Every structure is written in structure tokens, then in C-alpha cells.
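Below is one structure, written out as C-alpha cells; the observations come after it.
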Amino acid sequence: MEQKLSKIKAFVFDVDGVMTDGTILALPDGDLLRTFDAKDGFAFRMASMHGYQLCAITGGSSESIRKRLVTCGFKSENVYIHSRNKILDFNDFCQRNNVAPEEVLYIGDDMPDVCVMELCGLAVAPADACTECIEVADYVSPRPGGKGCVRHSIEMVMKTQGTWTLDTEVYKARF
């Protein structure tokens, strides 16, 4: 496991059920609201500050997802909204960011994620992921989706690589 952790250069995530607990509040105008864990957001910023590439691939279609993730250090073009073929989007991300699939940690919780989990370098499932994801995962986080599985996974990689350090001046200037 440590060998796989040491090779990671990028993090790719599903959104609903990974960054969130999967709960969606539907408003009368059709917008869908989600809640995100603030500690996951800080971990995104830490990874971004240390040069890791960040990507989200989601079937969700709300632009609020992109807006939230951009504030956490994601490049807008690395947030794939309304994805219907995650493997195509994953390959596009890898190619555009010059990252090999084996250098990517991917966190997925449901069946559309399995194909990417089988291709990436380190497949992670939240504790409450579906059986199919747990079966293909290299690692199952002790934390459920939306409740710290993202932070746990990013921190695990960065601590293994010696990059889990905070420069408050860089943080202040960037965020």
C-alpha cells in the first residue's frame, strides 16, 4: 500500500456519496443542494498548494458543484459536470494534465465509478460505498462519504510523501 501511496500525483473524486453524504435537497426551481465537509475542503486546498492535480467527475449537473470546488483549488476545467461516461472523462483529465492513470487516487462510491477504480493507481471507497466499489477498492476508508473520507485519503497520501505541511503565508495568499 505504501508503494501505491508514494506514486500518487493526482486525486480524482466522484461527488455525491464521496464529497457529500449523498443527500440531495431538491428546490422548487430544480436546483439541487448538497452539503460538503469543511475538513475535506481544507484537504483539497492542502493538496492543491503542494502541486497535486485535483479532479471531480460527477453525474450531477449543478454548477454550484464547480463553484465550490474552484474555491478549494480545483481548476474549473478539471470539474466534469453531468458525466455519463466517467472513463472518458478520467482519460481526458489524465491526458490534459500529463498524469498516468497509475499516478491517480480515485474515490468512488457507486457503480458508475467501478470502471475508473479498476484503471487508476489507487482505488478508494468510502466506508458506506456499494458492494461493487468495496470489492474493487485497494483501500476502504473508515470514514463514510461526506464525513471525512476525502480528507482521510488525501492526508494519508500526503503524509506518506512528506507533503502534509501548512505554510500559512502561501495559504493566505492563495485562498
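The values are calculated or read from the model by the stated rules, or taken from the named source; none is laboratory data. These numbers were taken from a predicted model, which means no experiment stands behind them. Cβ placement follows ideal geometry from the backbone for every residue including glycine, while neighbour counts extend to all protein chains displayed. Ligands, DNA and RNA are excluded from the accessible area calculation, which covers all protein heavy atoms including side chains. Shrake-Rupley method; radii C 1.70, N 1.55, O 1.52, S 1.80 Å.
Side notes on the structure shown:
- Whole-number percent relative contact order across the chain, with pairs defined as alpha carbons under 8 Å at least 6 apart: 28 percent
- Å² of accessible area per residue within the stretch 108-157, as computed with a 1.4 Å probe and no ligands counted: 39 Å²
- Each residue of the chain gets 105 Å³ once the volume of the Cα convex hull is shared out per residue.
- Taking the centroid of alpha carbons for each part, the stretch 126-156 and the stretch 1-59 are 12 Å apart.
- Heavy atoms of F90 accessible to a 1.4 Å probe, total area in Å² rounded to 10: 0 Å²
- In a reduced charge model with +1 at each Lys and Arg Cβ and -1 at each Asp and Glu Cβ, the chain shows a dipole moment near 700 debye about its Cα centre.
- Computed lengthening from E169 to C115, 0.36 nm per intervening residue step minus Cα-Cα distance: 15.5 nm
- Local electrostatic count, N85, Cβ distance below 14 Å [Lys/Arg +1, Asp/Glu -1]: -2
- Note on N98 and E77: the model spin-label points, each 7 Å out from Cα along the C-beta direction, lie 1.3 nm apart.
- Positive dipole terminus of the stretch 1-72, leading residue within I57, A10, L27 (C-beta point charges): A10
- GNM top mover of R68, R84, R96 - the chain, alpha-carbon springs below 10 Å: R96
- Looking at the stretch 1-127 alone, DSSP beta bridges between its own residues are antiparallel in about 15 percent of cases.
- All Cα-Cα separations within the stretch 49-110 were binned at 10 Å from zero, giving a P(r) of 22, 56, 23, 0, each value a whole percent of the pairs.
- Solvent-accessible area of the stretch 1-43 (1.4 angstrom probe, protein heavy atoms only): carbon and sulfur portion equals 57 percent.
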